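Coordinate-derived values only; no laboratory data. These figures come from a predicted structure and were not determined experimentally. Cβ atoms come from the backbone with ideal geometry, glycine included; neighbour counts cover every protein chain shown.
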Amino acid sequence: MKKSVKILSVVLALVIVLGCFAACGGDKGETKTTLVMATNAAFPPYEYVEGGEFVGIDVEIANAIANKLGMELEIKDVDFGAIIGGVQSGKFDMGMAGMTVTEDRLKDVNFSDSYAKGVQVVIVKDGGTIASLDDVAGKKIGVQTNTTGDIYASGDFGEENVVKYENGALAVEALKSGKVDCVIIDNEPAKAYVAANEGLKILETEYVEEDYAICFAKENTELQEKVNAALKELIADGSVKNVVDKYIPSK
Ligand code: GLN
């Protein structure tokens, strides 16, 4: 009898202790401590893999935001086209991938303030037949699926002329091997690809100017506001500019 009373009190004590862990674990009940960011890490200098680690402008800004919020950043590397759906379904807390704010995307997700500007440019082979945007008409254009480069090129030059690749690196490979005549992509990744590959250049004519921002599920305005407040501070105190200058020294 005595023994079972003892066991019962041990069990009770355990229940109380575990119960407290469950109740007091998160700092505000439901508050998560991990900030899950979806990206496509083939987009230098915004996000790429170096020495097995995610690096780049977005990665550093996201880490600084997570720091300010007392959260730990977890990065998921997915296809660019899977980011918005995953954010909508709650699989990811936010998407940060040099992502352009567009009217269409605003129907599906909310965006933070913009933290950087992008420009769509055209990469061609040195000595090729494309010298200006006009020459692109009727040529085969390589793009990254679901990006604004894809959307604008398909709209302006016809879907039948657009060849879609999973990421920019594959589109550039296709240009090098002659499968496409040019690649339409954001300017900074374009510079990085041209620097890393012989015989390519960027046309001087800029195609479309855009704003990059972080996306959130429509209903997750609480996180959107918190991240935006942190981002505002990081823009105001020069941290964002420092990160951009580190990766894009000429700016
Ligand atoms: N800025 C472009 C877009 O939002 C490309 C982004 C990317 O490829 N990571 O569609």
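Return the sequence-ordered ³J(HN,Hα) values of segment 46-61 in whole Hz as given by the Karplus equation 6.51 cos²θ - 1.76 cosθ + 1.60 applied to θ = phi - 60°, using x for Gly and Pro.
Each residue of segment 46-61 in turn: 7, 7, 7, 10, 9, x, x, 10, 7, 9, x, 4, 4, 4, 5, 5 Hz.
What are the extents of the Cα atoms of segment 22-146 along their three principal axes, in Å, largest first?
Principal-axis extents of segment 22-146 (Cα, largest first): 66, 36, 22 Å.
Rank-order 149-155, 238-244, 224-230, 198-204 by packing density, defined as the average count of other C-beta atoms within 10 Å over each peptide's residues, highest first.
Result, highest mean first: 149-155, 224-230, 238-244, 198-204.
Of all the Cα-Cα pairs you can form in segment 175-244, what percent are over 20 Å apart?
The answer is 54 percent, as a whole percent.
For the chain, give the magnitude of the charge dipole about the Cα centre (Cβ charges: +1 Lys/Arg, -1 Asp/Glu; no others), in debye to the nearest 20.
In total the dipole reaches around 1360 debye.
Using +1 at the Cβ of each Lys and Arg and -1 at the Cβ of each Asp and Glu in segment 63-125, identify which of T102, M71, G90 lies farthest towards the dipole's positive end.
Of T102, M71, G90, it is T102.
In debye, nearest 20, what is the charge dipole magnitude of segment 36-118 about its Cα centre with +1 on Lys and Arg Cβ and -1 on Asp and Glu Cβ, if you could check?
Charge dipole, segment 36-118, about its Cα centre: 220 debye, nearest 20.
Could you list which residues have their amide H under 5 Å from that of V180, counting only those 5 or more apart in sequence or on another chain, with H placed in the peptide plane?
Answer set, sorted by chain and number: L175.
Karplus couplings for segment 140-156 from phi (6.51 cos²θ - 1.76 cosθ + 1.60, θ = phi - 60°), rounded to Hz, Gly and Pro as x?
With the stated coefficients, segment 140-156 comes to 7, 10, x, 9, 8, 3, 6, 8, 5, x, 4, 5, 5, 5, 4, x, 8 Hz.
Please work out how much length the chain gains when fully extended from K232 to E204, using 0.36 nm per residue of separation minus the C-alpha to C-alpha distance, in nm with one decimal.
6.8 nm
Sequence-distant or interchain residues sharing an amide H contact under 5 Å with K117, placed H: which?
Answer set, sorted by chain and number: Y212.
Based only on Cα atoms, what Rg/Rh ratio does segment 104-251 have, Rh being taken as Kirkwood's radius?
My calculation puts Rg/Rh at 1.03.
Figure the gain on full extension for E50 and D156 (residue separation times 0.36 nm, minus the Cα-Cα span) and round it to one decimal in nm.
Difference between extended and current length: 34.6 nm.
Mind ranking 86-98, 109-121 by how tightly packed they are, going by the mean number of other C-beta atoms within 10 angstrom, highest first?
86-98, 109-121
Can you check how the C-alpha radius of gyration of segment 30-103 compares to 2.2 N^0.38 Å, as a plain ratio?
Against the compact-globule rule of thumb, the ratio is 1.06.
How much space per residue, in cubic angstrom, does the convex hull of the C-alpha atoms of the chain take up?
164 Å³
Cβ neighbours within 10 Å, averaged per peptide: list 180-186, 99-105 in order, most packed at the top.
Output ranking for 180-186, 99-105: 180-186, 99-105.
Can you list residues from other chains, or at least 5 along the same chain, whose modelled amide H is less than 5 Å from the amide H of L35?
E72, L73, E74
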